[in-house]
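Encoded as structure tokens, the structure appears first; notes follow it.
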Amino acid sequence: MFVLDLFSIGSLLAYLLTFRACLCYHGEMVIRSEQHTYNGSLPNGDRGRRKSRFALFKRPKANGVKPSTVHIACTPQAAKAISNKDQHSISYTLSRAQTVVVEYTHDSNTDMFQIGRSTESPIDFVVTDTVPGSQSNSDTQSVQSTISRFACRIICERNPPFTARIYAAGFDSSKNIFLGEKAAKWKTSDGQMDGLTTNGVLVMHPRNGFTEDSKPGIWREISVCGNVFSLRETRSAQQRGKMVEIETNQLQDGSLIDLCGATLLWRTAEGLSHTPTVKHLEALRQEINAARPQCPVGFNTLAFPSMKRKDVVDEKQPWVYLNCGHVHGYHNWGNKEERDGKDRECPMCRSVGPYVPLWLGCEAGFYVDAGPPTHAFSPCGHVCSEKTTAYWSQIPLPHGTHTFHAACPFCAHQLAGEQGYIRLIFQGPLD
């Protein structure tokens, strides 16, 4: 019924899941950002609830919840709601002497899916921190995670139109959400409680959908109750932003969800029907290779490696000079020793700059169109269509707790250069 992006589509099981998803699901959630995927898969592979893409299917039995009774602590009813492991509740600690507990009751019309860093059973999709662009265990390092253990929850309607909505914070193993004294919280105009999590859950809906005409939207923060606010001055500031009443927490095709350390891309079923498939990307790879592009220096034939070998440099691998876009095979010509070997002089146009291998972008969910792979992100060298590079180069993605910058969707490296991407210039029939 619902989905988050999974690259293991080669197997029969994945095929069946995808087919079933097309019949009755909300969409896909692709883990994109700053510390999670390396070109369509996790650094150490997809395992269990920790994957680069997830399918959210309609559950056999509804597990959604909705707010019910409000209690003021320390009443017996409030204490019972907190201690009852069969009862979902949210506790808002206003002071040492005052806590408001909101009971949640079963909702037979919705399914709930939870995302967070915790590996406890209430979390459906586990997201963890690794180094941006890392490819293996040896590339990762221990960092203090900024992702909440119970970061957010997505509530999906079980009946058409299968609307999906996002809420900050997830219920723990005791079915509770606790907002402590220091968390931003308040009483709403209708007497209900609401609040924000420590580092917040940010959402950006693209304008014009997730298509070749897409434009960046405005980043907003989502509250525990699903209300929409402008961003706080800093990620964990006590003062909330202004409420944006004309916007909702309903996810759209291409919506980005930032958990302060991982960014998720939401794709709807309809949106995915217009997205290139992995089979289509493979056909484009074979088409480029069939044209037999050549290295202008060594005159050897270049070829993009199999998409299954997307992290191993091949001897026929195309390389590019990022300042001009001329594509070559690997060679030592033009190495500037005074620059510690980091920059090369292009033998075609004499421009000096980085010289990197090219990799086809393997995660189909990131493409805004099915165009040919003619452009590459700089400085990482991931190749995709012109409109896909143009779109992602405009998106200011949250980085850490204070800054925003554009990044490659395939590896999360911060983009460099005037545009953040370049047009590739091949030697031979491809031009």
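Only the coordinates and a few stated rules stand behind these numbers; no lab work does. Computed from a predicted model, the values in this text were never measured in an experiment. Glycine gets a Cβ as well: all are built from the backbone with ideal geometry, and neighbour counts include every protein chain shown.
Residue ranges 157-169, 255-267 sort as 255-267, 157-169 when ordered by packing (mean number of other C-beta atoms within 10 Å per residue, highest first). In order along region 366-376, the Karplus-derived 3J(HN,Hα) couplings, from 6.51 cos²θ - 1.76 cosθ + 1.60 at θ = phi - 60°, round to 8, 7, 8, 8, 9, x, x, x, 10, 10, 10 Hz, and Gly and Pro are given as x. Relative contact order of region 216-302, taken over Cα pairs closer than 8 Å and 6 or more residues apart, is 14 percent. The phi torsions of region 417-425, fed into the Karplus equation with coefficients 6.51, -1.76 and 1.60 and a -60° offset, translate into couplings of x, 4, 9, x, 7, 9, 7, 7, 10 Hz, rounded to whole numbers, with Gly and Pro shown as x. Annotation: the antiparallel percentage among DSSP beta bridges lying fully within region 278-423 is about 90. Between Thr263 and Arg32, Ser33, Glu34, Gln35, the built amide H atoms are under 5 Å apart, and every one of these is 5 or more places off in sequence or on another chain. Net charge around Gln250, counting only other residues with Cβ within less than 13 Å of its Cβ (Lys, Arg = +1; Asp, Glu = -1)? Its environment carries a net charge of -1. Each residue of region 222-233 is assigned a 3J(HN,Hα), and the resulting list reads 9, 8, 4, 8, x, 7, 10, 9, 5, 5, 5, 4 Hz, derived from the Karplus form 6.51 cos²θ - 1.76 cosθ + 1.60 (θ = phi - 60°), x at Gly and Pro.
Charge tally around Val65: other residues with Cβ under 10 Å, Lys/Arg +1 each, Asp/Glu -1 each, net +1.
Using equal-weight Cα scatterers in the Debye expression, the normalised intensity of region 278-423 in log10 at q = 0.10, 0.12, 0.18, 0.20 Å⁻¹ is -0.34, -0.49, -1.07, -1.27. Distance between the modelled labels on Thr105 and Lys66, one decimal in nanometres: 0.9 nm (7 Å Cα→Cβ projection).
Close amide H partners of Met193, meaning residues 5 or more places away or on another chain with modelled amide H under 5 Å apart, are Thr188.
Residues whose amide H lies under 5 Å from that of His71, counting only those 5 or more places away or on a different chain, are Val101, Val102, Glu103; hydrogens are built 1.01 Å from N in the peptide plane.
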